[in-house]
Amino acid sequence: MTSGDAPKPYMRSDVTVELVKSSASDADVLFAARVSTLGEQSLEELQKDPERSKGLINYLMRDRHGSPFEHNSMTFFISAPIFVFREFMRHRVGWSYNEESGRYRELEPVFYVPGESRKLVQEGRPGKYVFVEGTPAQHASVTSVLSEAYEQAYTAYQKLLAEGVAREVARAALPVGLFSSMYATCNARSLMHFLGLRTQHELAKVPSFPQREIEMVGEKMEEEWARLMPLTHAAFNANGRVAP
């Protein structure tokens, strides 16, 4: 492929999060917690008293007995801009990642541009600032400037590849707005810690101010987790969204 044949970049303002496999339920928390006082119990025994189970999960969350929330697993497929992944991988305890490799495959020209609802303007000093709405002109400029930069960068990438330069070298021409994809595996405890830092929520005891793009990922992950472990999710919210 020559630089003149380079495909035109495709622009996205959303992210993809899919739960691809899981072994996660509220019963996993109960199994782990009750073995310390009652020994092994069957699922039927655990389900005999739903209110007691709800109360136990809430107690564990409230008093920060965290290890029972680790006996489960969720694997997500995530497609998002590279700059999101660089923030994501600050979360190391209880997480495993495998990201697509620009060394072994030619990267697709999919790039991030903020949607119309994305606040563009930062006001205030570091540590005490807010984001406010951008003007229509600012939104138009962001879309135009980023799109032009992405197209030039991807054309440069394709030119290097056409000249026989290795993929691992040619990818240096690409910006962090490029979409990447990965599998991310975690347990409920590590996910709660992630959500406490990477989402804003009215019930949170500790305020958090995440970048909107990683918050978009967190919100979609939370939707899947809430469906799998509704009692645990409810206890997380009821106790200030602080990971145990």
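Based on the alpha carbon coordinates of segment 118-221, what radius of gyration and maximum Cα-Cα distance (Dmax) apply, in Å?
Final numbers for Rg and Dmax: 18.5, 55 Å.
At what distance in nm do the modelled label points of V165 and M89 sit from each other, each positioned 7 Å from its Cα along Cα→Cβ?
Each label point is offset 7 Å from its Cα along the Cβ direction, giving 2.2 nm.
Quick one: what are the phi-derived ³J(HN,Hα) couplings along segment 120-132, Karplus 6.51/-1.76/1.60 with θ = phi - 60°, whole Hz, x for glycine and proline?
Karplus values, whole Hz, x for Gly and Pro: 10, 10, 9, 10, x, 8, x, x, 8, 9, 9, 10, 10.
Which length gain, in nm to one decimal place, applies between V142 and E100 when the Cα-Cα distance is subtracted from 0.36 nm times their residue separation?
Difference between extended and current length: 12.4 nm.
What are the equivalent ellipsoid semi-axes of segment 108-157, built from the alpha-carbon gyration tensor (square roots of five times its eigenvalues), in whole angstrom, biggest first? The partial results should precede the final answer.
Working: eigenvalues 138, 33, 16 Å².
After diagonalising the Cα gyration tensor, the semi-axes are 26, 13, 9 Å.
Report the FRET efficiency, 1/(1 + (r/R0)^6), for E219 and V176, where r is their Cβ-Cβ distance and R0 is 35 Å, rounded to 0.05.
0.95
Under a plain spin-label model, where a point goes 7 Å from the Cα along Cα-to-Cβ, how far apart in nm are A204 and E108?
3.1
Tell me, what HN-Hα J-couplings in whole Hz come from the Karplus equation 6.51 cos²θ - 1.76 cosθ + 1.60 at θ = phi - 60° for each residue of segment 109-119, using x for Gly and Pro?
x, 10, 10, 9, 10, x, x, 5, 7, 6, 6
What fraction of the Cα pairs in segment 3-238, stated in percent, has a spacing above 34 angstrom? Could the numbers behind the result be given before it?
Details: 8521 of 27730 pairs.
Distances greater than 34 Å cover 31 percent of the Cα pairs.
Summing +1 for each Lys or Arg and -1 for each Asp or Glu, what net charge is found among the other residues whose Cβ lies under 9 Å from the Cβ of G94?
+1
Pick out which of F88, F69, F31 has the largest mean-square fluctuation in a Gaussian network model of the chain, springs linking Cα atoms closer than 10 Å.
F31
Just so you know, all these numbers are worked out from the coordinates, no wet-lab data involved. Fair warning: this is a prediction, and the values are worked out from it, not measured in the lab. Here the Cβ is made from the backbone with ideal geometry for all residues, glycine too, and neighbour counts use every protein chain on show.
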